[in-house]
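*Asks:* I have a structure here, written as structure tokens, and I will follow up with some questions on it.
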Amino acid sequence: MINDRMSTILDAVVHLYIDNAEPVSSEMILTFYNLPVSSATIRNDLLLLEKLGYIKKPHTSAGRIPTDKGYRFYVDQLMGKEVDALTDEEKQEIIEQFKIARDYYEIMKLTSKLISRLTNNLGVVLAPNVVEDTLKDIHFIVLNNQRIVVTLVTNSGFSFQKMMRTNCDISENNLKEFARIIKKEFYGKSLEEINEEMLNQIYKYYFKYRTLESIWDFFEDCFDFTEEDASIFLGNHSYMLQQPEFKEIERINYLFDFIEEEKNLVRIIRKSIFKKQFDIIIGSELEQEVMENYSVVIRPYHIKGKLRGAISVLGPTRMNYSKSVSVLDFIAQKLSKVLS
């Protein structure tokens, strides 16, 4: 357990490292923080904090940087005492941007870009899980004899596309007729309900439409959604890539290989979305080797009072956690209002 003075010094190390991306020395703490102690006392406390695992010394420097344990203590015990609040100008920018957004996709893209710009990291938006929405419309597009794009439009305005494959020939007329049947039987029902009821409800059309016999299984799969089918919207990468952590091309490649597999981010966000209003996952806590130098801040949002998705910041463990929390909190409130 660390005492109040050591907490203050750890707080100083975290803030100075976040601001400067340079290891922090006792002289820097004395210069920037008006602490009523000597440089020798600060050095002793830094040694104790290092022994306890809250900070560490990079090989080439006399200064210290926070460890995951140090960031965790800061986030849980120290950050609540301070809020890096949004400026009035930043709040107004968010409000005005949401006024011009015209549709669901534009809102999602806009949100991810706003988060990126305001945090200088990567904004990530997890769209609502489609299985909780109800069916409004369905369209089929034949790409060739074996590939069909299914587009589902839901009550919340979400349009979800799914690529399907089949070994049988399906004409456009067959698809139009099937779309008519689905809308007649399932309009207003949740996609989860449709998936459960599909065979029983459609069976009564079996003898009337014997020509569709070979594709019943195919259409049953159209509504087979999982939580990982949720869409991820990413903001502008360039803000995060300006951070000094991304000087090595190889490090960038590893991270973006992980990000491009959308299910990786969906799993991380969904794992914590129901825990609390905010979740901050730091470095090794992500349990992914490629992510051990990064953190994710997650804030759920609601539509008509129901938890439907989350907005997030992904960046180096050296990110400004307080600013990220403030940005996500304000945007989540406005996003929930717009989507409701």
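*Asks:* Could you go through the stretch 85-104 and let me know if any residue there is assigned to a loop (DSSP other than H, G, I, E, B), of a type outside the set (Phe, Trp, Tyr), within 30 Å of Leu234 (Cβ to Cβ) and touching a Phe, Trp or Tyr at 6+ places or on another chain (Cβ under 7 Å).
*Replies:* Scanning the stretch 85-104, I find at least one residue that is assigned to a loop (DSSP other than H, G, I, E, B), of a type outside the set (Phe, Trp, Tyr), within 30 Å of Leu234 (Cβ to Cβ) and touching a Phe, Trp or Tyr at 6+ places or on another chain (Cβ under 7 Å), so the answer is yes.
*Asks:* Name every residue in the stretch 59-80 that is farther than 19 Å from Ile282 by Cα and either touching a Lys or Arg at 6+ places or on another chain (Cβ under 8 Å) or not assigned by TED's automatic domain parsing to the domain that holds Asp19 (or both), in order of residue number.
*Replies:* Kept after step one, since they are farther than 19 Å from Ile282 by Cα, are these residues of the stretch 59-80: 59-63.
Within the stretch 59-80, Gly63 is the sole residue that qualifies.
*Asks:* Within the bounds of the stretch 70-88, is there any residue that is closer than 29 Å to Ile298 by Cα, among the hydrophobic types (A, V, I, L, M, F, W, C) and free of Cβ contacts under 8 Å to residues at least 60 places away in the same chain?
*Replies:* Within the stretch 70-88, the first condition is being closer than 29 Å to Ile298 by Cα, and the residues that meet it are 70-88.
Cutting the leftovers down to among the hydrophobic types (A, V, I, L, M, F, W, C) gives us 73, 75, 78-79, 83, 85-86.
Filter once more, keeping what is free of Cβ contacts under 8 Å to residues at least 60 places away in the same chain: none.
Checked against the condition, which is being closer than 29 Å to Ile298 by Cα, among the hydrophobic types (A, V, I, L, M, F, W, C) and free of Cβ contacts under 8 Å to residues at least 60 places away in the same chain, the stretch 70-88 yields no hits at all.
*Asks:* Taking Val327 as meeting all but one of (1) within 19 Å of Ala21 (Cα to Cα); (2) touching a residue at least 60 places away in the same chain (Cβ under 8 Å), write down the number of the exception.
*Replies:* (1)
*Asks:* While we're looking at this one, here's another question. Select, from Arg308, Arg267, the only residue that is more than 15 Å from Leu122 (Cβ to Cβ), buried (at least 20 other Cβ atoms within 10 Å of the Cβ) and of a type in the set (D, E, K, R).
*Replies:* Arg308
*Asks:* Among the residues of the stretch 311-340 satisfying the criterion of being in contact with a Ser or Thr (Cβ under 8 Å, 6 or more places away or on another chain) and of a type outside the set (A, V, I, L, M), which is surrounded by the most Cβ atoms within 10 Å (Cβ to Cβ)?
*Replies:* Ser324
*Asks:* Could you please find all residues in the stretch 128-149 being surrounded by 21 or more Cβ atoms within 10 Å (Cβ to Cβ) and either within 19 Å of the chain's Cα centre (by Cα) or at pLDDT below 85 (or both)?
*Replies:* Hits for the stretch 128-149 are Pro128, Asn129, Val130, Asp133, Ile148.
*Asks:* Any residue that is of a type in the set (A, V, I, L, M, F, W, C), surrounded by 15 or more Cβ atoms within 10 Å (Cβ to Cβ) and modelled with pLDDT of 80 or more - is there at least one of those in the stretch 167-175?
*Replies:* Quick first cut of the stretch 167-175, residues of a type in the set (A, V, I, L, M, F, W, C) only: 168, 170, 175.
Keeping just the survivors that are surrounded by 15 or more Cβ atoms within 10 Å (Cβ to Cβ) gives 170, 175.
Okay, now just the ones that are also modelled with pLDDT of 80 or more, so 175.
Yes, there is a match, as at least one residue in the stretch 167-175 is of a type in the set (A, V, I, L, M, F, W, C), surrounded by 15 or more Cβ atoms within 10 Å (Cβ to Cβ) and modelled with pLDDT of 80 or more.
*Asks:* I'm trying to understand the selection: among the residues of the stretch 45-71, which are at negative phi, at pLDDT 95 or above, part of a loop (DSSP other than H, G, I, E, B) and not polar (S, T, N, Q)? So that I can check it myself, show each step before the final result.
*Replies:* Within the stretch 45-71, the subset at negative phi is 45-52, 54-71.
If we keep only those that are at pLDDT 95 or above too, we end up with 45-52, 54-56, 64-71.
Adding the requirement that they be part of a loop (DSSP other than H, G, I, E, B) leaves 52, 54, 67.
Correct list: Leu52, Tyr54.
*Asks:* Condition (residue is surrounded by 20 or more Cβ atoms within 10 Å (Cβ to Cβ), within 30 Å of Glu89 (Cα to Cα) and in contact (Cβ under 8 Å) with a residue 60 or more places away in the chain) applied to the stretch 244-255: is it met by at least one residue? Lay out the reasoning, then the answer.
*Replies:* First pass over the stretch 244-255, keeping only residues surrounded by 20 or more Cβ atoms within 10 Å (Cβ to Cβ): 255.
Narrowing the set further to residues that are within 30 Å of Glu89 (Cα to Cα) leaves none.
Within the stretch 244-255, none of the residues are surrounded by 20 or more Cβ atoms within 10 Å (Cβ to Cβ), within 30 Å of Glu89 (Cα to Cα) and in contact (Cβ under 8 Å) with a residue 60 or more places away in the chain.
*Asks:* Kindly indicate which of Leu286, Leu234 is touching a residue at least 60 places away in the same chain (Cβ under 8 Å) and closer than 22 Å to Ala127 by Cβ.
*Replies:* Leu234
*Asks:* Taking the condition part of a helix (DSSP H, G or I), touching an Asp or Glu at 6+ places or on another chain (Cβ under 8 Å) and in the same structural domain as Ser116 (by TED's automatic domain parsing), does Val297 pass?
*Replies:* So Val297 does not fit the description; no.
*Asks:* Here's a follow-up. Ser238 passes all but one of (1) under 19 Å from Lys109 (Cβ atoms); (2) under 15 Å from the mean Cα position of the chain (by Cα); (3) not basic (Lys, Arg); which number fails?
*Replies:* With (1) under 19 Å from Lys109 (Cβ atoms); (2) under 15 Å from the mean Cα position of the chain (by Cα); (3) not basic (Lys, Arg) applied to Ser238, the lone miss is (2).
*Asks:* Could you check Met28 against (1) crowded, with 20+ Cβ neighbours inside 10 Å; (2) touching a helix residue (DSSP H, G or I) at 6+ places or on another chain (Cβ under 7 Å) and say which number it fails?
*Replies:* For Met28, the exception is condition (1).
*Asks:* Moving to a separate point now. Out of all the residues in the stretch 233-278, which are at pLDDT 90 or above and either assigned to a loop (DSSP other than H, G, I, E, B) or touching a Cys at 6+ places or on another chain (Cβ under 8 Å) (or both)?
*Replies:* Gly235, Asn236, His237, Gln242, Gln243
The values are calculated or read from the model by the stated rules, or taken from the named source; none is laboratory data. Keep in mind that what you see is a predicted model, and the values were worked out from it rather than measured. Note that each Cβ is placed from the backbone with ideal geometry, even for glycine, and that neighbours are counted across all protein chains shown.
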